1. What distance in nm lies between label points placed 7 Å from Cα along the C-beta direction at N53 and T66?
2. What order do you get for 34-41, 88-95 when each peptide is scored by the mean count of other beta carbon atoms within 10 Å, highest first?
3. Relative to 2.2 N^0.38 Å, what does the C-alpha radius of gyration of segment 48-152 come to as a ratio? Two decimals please.
Amino acid sequence: MKKNLFISILLVVGIMLSCSKKSETTPTTPAPNLTQGIYPAKGTITLTSGGVNYSMPMTNVQIITTETYSVILNAADTSLITNFGTIVIQINSPTSSGLTTGTYTIPSTTNVNMFTFMNKTETEYTASPTVSGTSGTISITTLTSTSVQGTFSGTLVPLENPSGQSITITNGVINCTY
């Protein structure tokens, strides 16, 4: 009798275990497996604004993989002789699946992309979905765990005077390794 009871209990437990559904979670690592952190970067960001060509060396890349998935690119050339300028480009994923190659717009109804540019006169301009009169496009053609490449352009307004005269950025090229 005890033997039959023991076998019955084993059968019931076995059936319960085989019928229970395993809890599966979706990985939260963004494509293509970017790792959170701030990394020193090499390469350049180039652009044209007001007829002036800028070429700024990359300083760092910041990757955020919590809550929102973001890549923030920073480039600066503080040489007052020829190429003074700084730019910060922020690309945010519209979904929890992470960043991918593609085109990100400013303004966007699904995510907050932006860029900020300081020109030779040290006036800081922005293209952000929260600032009226700004627009832009950031096209990412390569996005790996060690490289970001793409293009960008936009209409930016002065940060300190959003109703001031806007500038246009054209020919923006991102060529970054980290």
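1. In this crude label model, N53 to T66 measures out at 4.3 nm.
2. Descending packing order for the listed peptides: 88-95, 34-41.
3. 1.09
Each value in this text was obtained by applying a stated rule to the coordinates, not by laboratory testing. From a predicted model like this one, the values you see are computed outputs, not experimental measurements. Ideal geometry is used to build each Cβ from the backbone, glycine not excepted, and the neighbour counts take in all protein chains shown.
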